[in-house]
Amino acid sequence: MTTAAAVRLPGMDHVLTLPGVYTPQYDTYLLAEALRREAVGAGTDVLDVGTGSGALALYAARLGARVTATDITRRAVLTARLNALLAGRHIAVHRGDLLEPVRGRSYDIVLSNPPYVPTPPGSPPRNGAARSWDAGPDGRAFVDRICDTAPSLLRPDGVLLLVHSALCGTEATLKRLADAGLWATVTDRAFVPFGPVIRSRLSWLRSRGLLDTNDEQEELVVVRAEHI
């Protein structure tokens, strides 16, 4: 189990990000490290949900996989397609809400780095970079949907790899996946300094009991799930 900040893997720093598109960060690298340990190669079908810049999709393609990616924003889809073109990799990038563009298909590996930051009450962002992290008052607006839907996309022996902050509830994710018929466990943890988004809402997070006054780092986790 990884317990330190994730190490950047070869080829993941050379991606472009258009304004408003999530730039690869600790969570991206932590999920890539988890993917590296899977048996990915020629013939492996990988789905990257909420691909953003396409960094994880590109990493899967470099491992030899056939890769499909989805994202709801036009800029992210354009960015992922541009990065695939620049890298000389074929990645099928579809625009749509989470798993909707690939409904009815199945994959060997489904991976996702969805929005997961608990967000003060108010209307969800319709555009801009905040769509990459704001995820409702409990941070689970997208994580729960992935937990509920991903099992139907996994082939026998297929694997879901999901990264999120412990602020939105690691045990809640494990239970939800178990209720969906998957065996789930935390395979990676990383403690990273608070970024600007967390710092901007520290008072609110502490008022909800999600952070203590002495906390100075955020815990990231990768949850691995497969059919029982």
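Throughout, read-outs are computed from the coordinates displayed, never taken from laboratory work. Because the structure is a prediction, the values reported are computed rather than measured. Note that each Cβ is placed from the backbone with ideal geometry, even for glycine, and that neighbours are counted across all protein chains shown.
Between the Cα long axis of helix 74-87 and the first principal axis of the chain there is an angle of about 50°, rounded to the nearest 10.
List the GluC sites (Glu not before Pro) in region 123-228 that DSSP assigns to loop (not H, G, I, E or B) and whose Cβ has at most 11 other Cβ atoms within 10 Å. Which are they? Write down the numbers at each step before the final one.
Numbers: sites: GLU171, GLU216, GLU218, GLU219, GLU226; in loops: GLU216.
Those that pass, being in a loop and sparsely packed, are GLU216.
Looking only at Cα atoms, what is the convex hull volume of region 102-214 per residue, in Å³?
On the way: hull volume 13.9 nm³, N = 113.
Per-residue hull volume (Cα only) is 123 Å³.
How large is the helix-only mean residue ellipticity at 222 nm for the chain, computed as the sum of -39500 (n - 2.57) over DSSP H runs with n ≥ 4, divided by its residue count, in deg cm²/dmol to the nearest 500? Intermediate values should be presented prior to the final figure.
Values: 7 runs with 61 residues, N = 228.
When only DSSP H runs of four or more count, the value is -7500 deg cm²/dmol.
So what's the angle, to the nearest 10 degrees on a 0 to 90 scale, between helix 26-36 and the longest Cα principal axis of the chain? The answer is roughly 40 degrees. Rg then Dmax, both in Å and based on the Cα atoms of the chain: 16.4, 49.
Might you report the magnitude of the Cβ-based charge dipole of the chain about its Cα centre, with Lys and Arg at +1 and Asp and Glu at -1, to the nearest 20 debye? Walk me through the intermediate numbers first.
Details: 25 positive and 24 negative charges, 139 e Å.
Dipole magnitude for the chain comes out near 660 debye.
For helix 170-179, what angle does its Cα long axis make with the longest principal axis of the chain, in degrees from 0 to 90 and rounded to 10? Between the helix axis and the principal axis of the chain, the angle is about 50 degrees. Please name whichever of SER207, ALA190, GLY64 sits farthest to the positive end of the charge dipole of the chain, dipole taken about the Cα centre and charges placed at Cβ: Lys and Arg +1, Asp and Glu -1. Positive-end residue among those listed: GLY64.
Candidates SER165, VAL223, THR149 compared by Cα position along the dipole of region 102-228: farthest toward the positive end lies THR149, with charges placed on Cβ.
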